[in-house]
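Everything below concerns the one structure shown next.
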Amino acid sequence: MKKAALHNLGCKVNAYETEAMQEMLEKAGYEIVPFKEGADVYVINTCTVTNIADRKSRQMLHRARKFNPDAVVVAAGCYVQAQDKKGEKDPCIDIVLGNNRKKDLVAVLETYFTQQKRKKHAEIEDLIDINHTNEYENMSVTKPQEHTRAYIKVQDGCNQFCSYCIIPYARGRVRSRAKEDVLREVRTLAKNGYQEIVLTGIHLSSYGVDISDEKEDLLSLILAVHEVEGIKRIRLGSLEPRIVTEEFAATLAGLEKICPHFHLSMQSGCDATLKRMNRRYTSEEYAEKCQLLRKYFQHPALTTDVIVGFPGETEEEFEMTRQFIDKIGFYETHIFKYSKREGTKAAVMEAQVSEEIKAQRSAVLIELGEKHRRKYIREYKGKEAEVLIEEQIRYEGKKVWTGHTKEYMKIALEDDRNLQNCIIKVQIDNDLQIIH
């Protein structure tokens, strides 16, 4: 029996695909082992979102080769897809498996081993022109590594072309997964005991735009998933602000399984910066979407991403973003220092911001975000929250159960019972109960 080790880099979509590849290998008779010495096959699902991600991908590929010089090293995903036609392949890689080809992993390995028997060294490169395909790559999972929550990829690709982002070139155009295929996987997961489903994609809000039926969109998919018995919670991945309409917010608010936790990608609170980023909304429009969600949901958890130090960002523009974040009052704000990505428009823009200034601005926003996080949490003191218990850990010197509320606050609870995968009511009386 051959031993296979997998390592994932990057987003939740990549993580889902890695779990799907692991299940494929298990079904094909491979023994899955930790990512260290001793494996016969190493599969690295790479990321290319930044130059740093590229470097990490290369490092993991070389680490796999050092673990076992005789093993088969498979480089899958975005990094190798983006590197297509840029020169010679890294000699530590045996198999290059681009996006939309991960589903063929087992067959490609079989071909490789057959070739290897006939000659001393074999190489396989399976890349397609990802920017000219309409095919959605069907992959599925039945038992994700998380024992209570399951991420489900329902969409791939992006049509937005933000000026800082390489992903549309690595993932291609928007491709949506058939609704019935999504529902089939959700039903399987429900039968296997999963109570929370997280719908995710490269650009989740675009689900259905490539389908001729105008009724097929993200909202219709959510409504269908809501009908699956056994699923108690539906959580949404990152959303484009423009998807939040009166109808969208009102409909979701009427669904008991929907988690009032909304990650609205923002990137900047300054309109001039948003325009250079090629984001297709203004700060005023973004604020309106937050107001809509707060109109229909009681105290929803709003989270976001912000890039500081984008090319051309002046002190005045940064201050606009700081004030905007302070005005909105997010539960969590994820701050990223702008990182040049070769091949994007932003990488060659004038007025690049120094690393020192990026670090200063990042620190300011991190502190501000923490202030609003604490404020959000304080409003739950003395109240009861519904928690899906996930695992038992040691915390503050005690053995506690931990889980998340619908708002995605992580709660610690002392209890002698086995509470894994139970949904229980927890009284929140102090800060120690909320883990950050």
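For this structure, a couple of remarks:
- Tallying residues that are of a type in the set (Asp, Glu) and touching a Gly at 6+ places or on another chain (Cβ under 8 Å) within segment 237-293 yields 0.
- When segment 337-363 is filtered for residues that are buried (at least 18 other Cβ atoms within 10 Å of the Cβ), outside any loop (DSSP other than H, G, I, E, B) and out of contact with any Gly (no Cβ under 9 Å at 6 or more places or on another chain), only ALA346 remains.
- Of residues in segment 425-436 being within 17 Å of GLU390 (Cβ to Cβ), surrounded by fewer than 17 Cβ atoms within 10 Å (Cβ to Cβ) and without any contact (Cβ under 8 Å) to a residue 60 or more places away in the chain, the one farthest from the chain's Cα centre (by Cα): LYS425
- Any strands (runs of 3 or more DSSP E) falling wholly within segment 190-291 and containing at least 3 residues that are touching a residue at least 24 places away in the same chain (Cβ under 8 Å), open to solvent by less than 60 Å² (accessible area, probe 1.4 Å) and more than 22 Å from ILE325 (Cα to Cα): 196-201, 233-236
- All positions within segment 300-331 that are more than 24 Å from the chain's Cα centre (by Cα) and over 17 Å from LYS358 (Cβ atoms): GLN323, PHE324, ASP326, LYS327
- Among the residues of segment 293-316, those that are outside any loop (DSSP other than H, G, I, E, B) and surrounded by fewer than 19 Cβ atoms within 10 Å (Cβ to Cβ) comprise ARG294, LYS295, TYR296, ASP305, GLU315, GLU316.
- Exclusive hit being at pLDDT below 95 and more than 19 Å from TYR376 (Cβ to Cβ), set SER354, SER283, SER339: SER339
The values are calculated or read from the model by the stated rules, or taken from the named source; none is laboratory data. The structure presented is a predicted model; accordingly, all values stated were derived computationally and were not measured. Heads up, the Cβs are rebuilt from the backbone with ideal geometry, glycines too, and the neighbour counts pull from every protein chain shown. SASA here: full protein model, heavy atoms, side chains in, ligands and nucleic acids out. Shrake-Rupley method; radii C 1.70, N 1.55, O 1.52, S 1.80 Å.
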